[in-house]
Each structure stands twice: as structure tokens, then as C-alpha cells.
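Just below is one structure, and these are the notes that go with it.
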Amino acid sequence: MPPRTTSQAQLDAQLLRFAARGNTTGVQFALQYGADRLATDALQRTAAELAEDNGFTDVADWLVALGVPRQAIHDDHVLAFVA
């Protein structure tokens, strides 16, 4: 049986899910295996924003230190990130 591969979208979704749950080990795993640090959910929330919104400010701060933007800002169809 061939090894199972994980798509970019799956990795990004895992990153966001782990961040929302405050799971630093999961976040490290997702980033190590290629999750996009700029990934956002359907509401355009970043991993750091999800962690912070769920009370995991230490995880959010750690993500920001790793280069994950705290928040995605939209302006006339242009997406910008702020730390």
C-alpha cells in the first residue's frame, strides 16, 4: 500500500485547528510538514488569531514570534497581514 500524502489544504486546516485548540505540538507538526504560515480559515482568521480568540494567548504570541501574522486585514480585495 503506497504511503498516504497530505495536501497543502489539509496541512493548512490542521494548523488552524491545532492553533484554535492551543495545541503547540500539533502546530509544530503542521508547520514542520509544510503548512502555510499565512493560512486563514473561511472567515480569514489566521492561526494566531484563532489561538488568541480561544484564550490561548501564549500560543498566539509564540505563533507571531514564528512569523505567523496576528490578523489578516482585507482592503478592496487585497489581503494584508499585520503582526
| Close pairs (6 angstrom Cβ cut-off, 6 or more residues apart or separate chains): of a type in the set (D, E, K, R) in the stretch 42-55, part of a helix (DSSP H, G or I) and surrounded by fewer than 24 Cβ atoms within 10 Å (Cβ to Cβ) anywhere | Glu52/Ala60
| request: Quick one: Tyr33 ticks every box in (1) surrounded by 15 or more Cβ atoms within 10 Å (Cβ to Cβ); (2) within 19 Å of Gln8 (Cβ to Cβ) except a single one, so which number is it? | output: (1)
| query | Among the residues of the stretch 3-19, is there at least one that is in contact with a helix residue (DSSP H, G or I) (Cβ under 9 Å, 6 or more places away or on another chain), of a type in the set (Ser, Thr, Tyr) and surrounded by 15 or more Cβ atoms within 10 Å (Cβ to Cβ)? | reply | no
| note | Subset of the stretch 27-72, residues hydrophobic (A, V, I, L, M, F, W, C) and part of a loop (DSSP other than H, G, I, E, B), comes to Ala35, Leu38, Ala39, Ala42, Leu43, Phe56, Leu66, Val68
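Read the figures in this text as sums done on the coordinates, not as results from a lab. Quantities reported herein were computed from a predicted structural model and do not represent experimental measurements. Cβ atoms come from the backbone with ideal geometry, glycine included; neighbour counts cover every protein chain shown.
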